[in-house]
Amino acid sequence: MKKSFLIYGASGYSGRLVAEHASIYGLQPILAGRERSSIVELATKLGVEYRIFSLDRIEDIVQALTDVELVLNTAGPFDDTVEPFLRACIQTKTHYLDLNGELAGFEKAQQFDRSAQNAGVMILPAVGFDVVPSDCLALYLKNQLPDANDLKLAFATFPRARMSRGTALTTLGQLGWPGMSRKEGKIVNQPIGKLGRIIDFGVSKVFAISVPWGDLWTAYRTTHIPNIETYVAANRPIFYVMKFQILFNWILRMAWFKSLSRRWIMHNLIGPSRAQRAQSSSVVWGQVRNYSGESRQAIISCPEVYEVTYHAALSIAREVLAGVWKAGLQTPAGVFGDKLILSIPGTCREDL
């Protein structure tokens, strides 16, 4: 008989939060990762089982997942970790969740859609802050205006969010490459920060710039709205600097720059403390329009982003283990509906 579920990357910032709060949802996960000392320490503290393996050999992953019903991958960059996990999960018939927000990771997952359907396995990426709140908001707005052809999404944190190492390393990997939006159903390249606008987040009106969120993939799959733009709150000076980014993108892509930046991240970033998370909040804004010019707007107010991430991931894991899932590649709101985010403590939705 298969056991409950396995958290891979449990020694990382997000993975540790998920592991430490699993008991709130009545779950007892198996902790896993490649760093033995930190995994053993956390597993001993929580009184749970652990497994040590890397993702270099599919055979090792298969052996670790043979008796596992559900795996939650919290180890990024997901562009590197999605493919080996999915190859193993389809062999072992293990459902797959992750915290991915990278477009490249979604595209790799897409390649396994048919195989997952045939194996009776669900692939559900992006069960954290990016993308659960915005995916739920996109579906909610689509239901309010079924013929919408244009969707805009944005998020802001109050005060500005602190990054974990994993998030920073993922962001580092994307530096130097173009931004994106979705036009008439196709993802197209455009400069990061090409667009800027004032957005009313309810708490306050904030300037935001266009960036390539994972929602360019997930919101499209959930709603089929063909035109999507995604934004993040930012200072105006950053917006103007972005206008000249094309001039130094080649530097941002250099191996020496990545190496120096990675070293700095590993020595200086550990993610927000519990007190900092408690003092922070986040808001997701969305707007849809149709060809006639009708529009709808709404916001979802949430706790701090990492708080949302562990609550969302564990809530979804519990549902999947209870038998609520769909075979193949899915999105959070596509499986659990637009009210999924409202099950997280401290979350509310408001029409504007």
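The values are calculated or read from the model by the stated rules, or taken from the named source; none is laboratory data. Quick caveat: nothing in here was measured; it's all calculated off a predicted structure. Here the Cβ is made from the backbone with ideal geometry for all residues, glycine too, and neighbour counts use every protein chain on show.
The figures follow:
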| quantity | calculated |
| --- | --- |
| Residues that are over 22 Å from the mean Cα position of the chain (by Cα) and of a type outside the set (A, V, I, L, M), drawn from segment 55-90 | 56, 57, 59, 60, 63, 66, 67 |
| Residue count for segment 99-124, restricted to those that are in contact with a Phe, Trp or Tyr (Cβ under 6 Å, 6 or more places away or on another chain) and either crowded, with 23+ Cβ neighbours inside 10 Å or farther than 16 Å from residue 318 by Cα (or both) | 6 |
| Residue match in segment 300-316 (condition: farther than 28 Å from residue 6 by Cβ, buried (at least 21 other Cβ atoms within 10 Å of the Cβ), of a type in the set (A, V, I, L, M) and modelled with pLDDT of 90 or more) | yes |
| Count of residues meeting criterion [more than 18 Å from residue 307 (Cβ to Cβ), free of Cβ contacts under 8 Å to residues at least 24 places away in the same chain and surrounded by 14 or more Cβ atoms within 10 Å (Cβ to Cβ)] in segment 1-40 | 2 |
| Filter result for the condition that a residue is at pLDDT 85 or above and within 15 Å of the chain's Cα centre (by Cα), over 124, 139 | 124 |
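One line per residue, one yes/no per condition, for (1) touching a strand residue (DSSP E or B) at 6+ places or on another chain (Cβ under 9 Å); (2) more than 12 Å from residue 129 (Cβ to Cβ); (3) in the same structural domain as residue 197 (by TED's automatic domain parsing); (4) of a type outside the set (Lys, Arg):
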| residue | (1), (2), (3), (4) |
| --- | --- |
| 284 | yes, no, yes, yes |
| 287 | yes, yes, yes, yes |
| 292 | no, yes, yes, yes |
| 297 | yes, yes, yes, yes |
| 315 | no, yes, no, yes |
| 320 | yes, yes, no, yes |
| 323 | no, yes, no, yes |
| 327 | yes, yes, no, yes |
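Table: residues versus (1) more than 16 Å from the chain's Cα centre (by Cα); (2) more than 21 Å from residue 69 (Cα to Cα); (3) part of a helix (DSSP H, G or I).
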{"residue": "297", "(1), (2), (3)": "yes, yes, no"}
{"residue": "301", "(1), (2), (3)": "yes, yes, no"}
{"residue": "306", "(1), (2), (3)": "no, yes, yes"}
{"residue": "310", "(1), (2), (3)": "no, no, yes"}
{"residue": "320", "(1), (2), (3)": "yes, no, yes"}
{"residue": "326", "(1), (2), (3)": "yes, no, no"}
{"residue": "333", "(1), (2), (3)": "no, yes, yes"}
{"residue": "345", "(1), (2), (3)": "yes, yes, no"}
{"residue": "349", "(1), (2), (3)": "yes, yes, no"}
